[in-house]
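Working notes, structure below.
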Amino acid sequence: MNIIAIVGGGGFIGTNLSEFLLSHGMKVKAIGSSFFRNFEDENYQQITLDVNILNELLDALRDCSTVIWLVNATVPGSNASLAEEFMLNTQPVIRFLEQSSRSIQMKKFIYLSSGGTVYGDVAQRIPIPEETSEYPISTYGLSKLITENYVDFLTRISGFESYILRPANVYGPYQNLNKPQGIIGFAFRAVKENGLLDLYNGGKVIRDFVYVDDLSDAILKCITQIKHPGAVTKYNVGSGEARSIKEIVDEISRIAKKPISLNEKLSRNFDCAYNVLSIDKIHRETGWKPTTKLTDGLLKVEQWINRID
């Protein structure tokens with residue numbers, strides 16, 4: 001059986017993806033510095049290591065046919081410098097891909113980029129297709145775009161097959177509520193701790209939200225799809241639906257049956273006013289489409305939080 005490696009397999013997305021792939025009969029090797037949980041499954045292997053130690057990473061991936069790269073040391077709002085972003089997030093990918101063709105049997109590489117940051121502010125308020133010109137307005141988004149370009153180049157000269165996925169705002173269980181990423185994590189933490197929630201620009205910012213199992217299903221479609229060696233495919237992965245941040249906060253408050261106290265703030269310079277992704281391409285080429293409605297996904301997050309309390 002082919003082994004699917006998840007680099008960054010211990011985090012929020014990696015934990016959910018491991019569970020999803022195992023449920024579909026895949027053999028999974030999760031690699032990371034720490035893990036939310038272990039899976040008692042003969043098809044699951046968990047390896048704790050620092051992905052920046054290249055020789056150890058290559059040894060761990062030697063028997064893997066597909067490598068999924070999820071690990072990222074910063075988050076969109078971290079305001080890291082471009083030099084830090086490059087050193088922490090882009091350089092490890094470059095070093096790995098440069099060595100992988102000589103050291104391991106990888107046939108396919110899947111890189112998780114960021115549909116929420118690589119496009120920047122767009123002129124028209126319509127779902128954004130993949131061919132839209134990219135003008136990121138944050139160092140995080142620029143770093144993701146630079147990494148995409150390296151993945152594209154190294155794929156073409158090395159001969160493996162790559163998929164670059166640009167997800168919208170991903171949410172679901174196993175989010176670290178002590179260090180939330182994204183409005184949904186912050187809002188649920190505010191509910192849990194009776195704390196204040198920072199709301200920027202009155203919550204008017206428009207976003208696209210995708211449930212983590214739907215993202216996992218999109219990744220599964222890329223694992224099973226076969227293209228020619230050297231092919232690079234970019235897909236947006238979202239819901240295609242526009243939601244204001246205020247709508248999201250109000251819906252979480254309704255589900256939790258509890259008001260959320262808001263700390264109103266001015267907009268931030270790295271926040272795009274509108275970001276909703278077109279998912280026509282991935283649907284056309286793979287048949288993928290999201291199946292989890294926002295309210296259902298938020299209910300699943302609340303149920304998970306109640307279980308761990």
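Every read-out reported here was derived from the displayed coordinates using simple, explicitly stated rules and does not represent laboratory data. Since the model is a prediction, treat every value here as computed from it, not as a measurement. Because the Cβ atoms are built from the backbone with ideal geometry, glycine has one as well, and the counts that use them run over all protein chains shown.
Counting only alpha carbon atoms, the long axis of helix 139-158 and the longest principal axis of the chain meet at about 20°. Between helix 212-224 and the chain there is an angle of about 20 degrees, using the helix long axis and the longest principal axis of the Cα atoms. For the peptides 34-40, 156-162, 130-136, residues were scored by their other Cβ atoms within 10 Å and the scores averaged per peptide; the highest-first order is 156-162, 130-136, 34-40. Subtracting the Cα-Cα distance of residue 157 and residue 295 from 0.36 nm times their residue separation leaves 45.3 nm of extension gain. Database remark: amide H of residue 3 closer than 5 angstrom to the amide H of 65, 66 (H placed geometrically; neighbours at sequence offset of 5 or more, or on other chains; Pro and chain starts carry no H).
Restricting attention to the range 107-253, the count of lysine pairs at 8 or more positions apart or across chains with alpha carbons under 28 Å apart stands at 21. Projected label points at residue 206 and residue 192, each 7 Å from Cα along the beta carbon direction, are separated by 3.2 nanometres.
Its convex hull of Cα atoms gives the range 197-255 a direction-averaged projected area, equal to a quarter of the hull surface, of 5.8 nm². Calculated mean residue ellipticity, 222 nm, the chain: -11500 deg cm²/dmol, from DSSP H runs (n ≥ 4) at -39500 (n - 2.57) each, averaged per residue and rounded to 500. In this structure the amide hydrogen of residue 197, modeled in the peptide plane, comes within under 5 Å of the amide hydrogens of 261, 262, 263, none closer than 5 places in sequence on its chain. Rounded to the nearest 20, the Cβ-based charge dipole of the range 85-197 about its Cα centre (Lys and Arg +1, Asp and Glu -1) stands at 380 debye. Label zone of residue 307 (point 7 Å out along Cα→Cβ, amide N under 16 Å): in the range 36-65 this covers 36-41.
Any chance you could give the angle, 0 to 90 degrees and rounded to 10, that helix 12-23 forms with the longest Cα principal axis of the chain? Result, in degrees: 60. Which values of log₁₀ I(q)/I(0), to two decimal places, follow from the Debye formula for the range 19-118 at q = 0.10, 0.13, 0.17, 0.22 Å⁻¹ with a uniform point scatterer at every Cα? Log-scaled intensity ratios, in q order: -0.31, -0.53, -0.89, -1.32. Within a Cβ distance under 9 Å of residue 2, other residues only, what is the Lys/Arg minus Asp/Glu net charge? The answer is +2. Across 75, 93, 237, mean-square fluctuation computed from a Gaussian network of the chain (C-alpha pairs under 10 Å connected) peaks at 75. Magnitude of the charge dipole for the range 3-308, about its Cα centre and with charges confined to Cβ atoms of Lys, Arg (+1) and Asp, Glu (-1), is about 320 debye.
Karplus-derived 3J(HN,Hα) values for the range 56-70, using 6.51 cos²θ - 1.76 cosθ + 1.60 with θ = phi - 60°, are 5, 5, 4, 4, 5, 9, 4, 9, 9, 8, 10, 10, 10, 9, 10 Hz; glycine and proline are entered as x. Only beta bridges with both residues in the chain are counted; by DSSP, about 5 percent of them are antiparallel.
In summary, the aspartates and glutamates within cross-link reach of residue 258, defined as a Cα separation below 19 angstrom excluding same-chain residues under 8 places away, comprise 193, 198, 247, 250, 296, 302, 309. Annotation: extensible slack from residue 149 through residue 38 equals 36.6 nm (criterion: 0.36 nm per residue apart, minus Cα-Cα distance).
Report the FRET efficiency, 1/(1 + (r/R0)^6), for residue 105 and residue 48, where r is their Cβ-Cβ distance and R0 is 25 Å, rounded to 0.05.
Working from the Cβ atoms, E equals 0.65.
Note on residue 83/residue 56: beta-carbon distance plugged into 1/(1 + (r/R0)^6) with R0 of 22 Å gives a FRET efficiency of 0.30.
Here, P(r) means the percent of Cα pairs in each 20 Å bin from 0 to the largest distance; for the chain it is 33, 60, 7.
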